[in-house]
Amino acid sequence: LATFTNLVYTGSSTTLTFTTVSLGNTSTSSLSVAGTANKLAIRTAPVSGASGSLLTTQPVIEIQDSTGKVVTSSTLSITATVASGAGGYLTNSSSTSATAANGVATFSTLKLNGVVGTAYTLSFGGTAVSSVTSGNLNVTFGAANKLAIATQPVAGGSGELLSTQPIIHVQDVDGNFV
């Protein structure tokens, strides 16, 4: 019988092999140990859609240790924000945060509002971990939401055509022309 009391393991996964000269060797199954959560990684990248609509693909964020292993004990709250792109903002029916389960935060109702033709990136952050930023997202035109007067009419004489005719634009919720 051999008993060990002070074995220490550092790393993400390995197997231990015990060997004797006369009896051969035996190995453990793979040991996989996650360290302390210190960074985030994008498991599923967000994909945008129409401005003001749900992202076509919702982001999934992993909480990882320094070796890239998912810290399955983490229940960290992850917050999404617009990192770059003028005029962009996120909306959600309840929150722009998601709480991790088993080290993974899954967003389900994020909406990116913005200006068509502008590249946006999203940042994901949490307490005591390095944040991560998505690749570029570009919104398309949203659904018609409002009318906007582009050119105000100017009256001429009574019974005459207006000297300046009005121009009306149909816009989505963010002012993009539809």
Whole-number value, in Å³ per residue, for the convex hull of the alpha carbons of the range 92-178 is 138 Å³
Which whole-number percent is the relative contact order of the range 14-69 (Cα, under 8 Å, 6+ apart)? 31 percent
Bounding extents of the range 53-136 in its principal axis frame from Cα atoms, largest first in Å, are 39, 24, 20
Return the sequence-ordered ³J(HN,Hα) values of the range 95-104 in whole Hz as given by the Karplus equation 6.51 cos²θ - 1.76 cosθ + 1.60 applied to θ = phi - 60°, using x for Gly and Pro. 6, 9, 10, 9, 9, 5, 10, 6, x, 10
So how far, in whole Å, is the C-alpha centre of the range 24-68 from the one of the range 108-178? 34 Å
Take each of the peptides 143-151, 118-126, average the number of other beta-carbon atoms within 10 Å over its residues, and list them starting from the highest. 118-126, 143-151
Over the range 103-178, what is the mean sequence separation of C-alpha contacts under 8 Å (at least six apart), divided by residue count, expressed as relative contact order in percent? 27 percent
Only bridges whose two residues both fall in the chain count here: according to DSSP, what percent of them are antiparallel, nearest 5? 95 percent
Scan (1) 1.74; (2) 0.90; (3) 2.02 for the value of Cα Rg over 2.2 N^0.38 Å calculated from this model and give just the label. (1)
Relative contact order computed over the range 1-156 (Cα-Cα under 8 Å; 6+ residues apart), in percent: 22 percent
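Taken together, the values in this text are just the output of simple stated rules run on the coordinates, not laboratory data. Keep in mind that this is a model prediction, so the values were computed, not measured. A quick note on method: Cβ atoms are made from the backbone with ideal geometry, for glycine too, and the neighbour counts reach across all protein chains shown.
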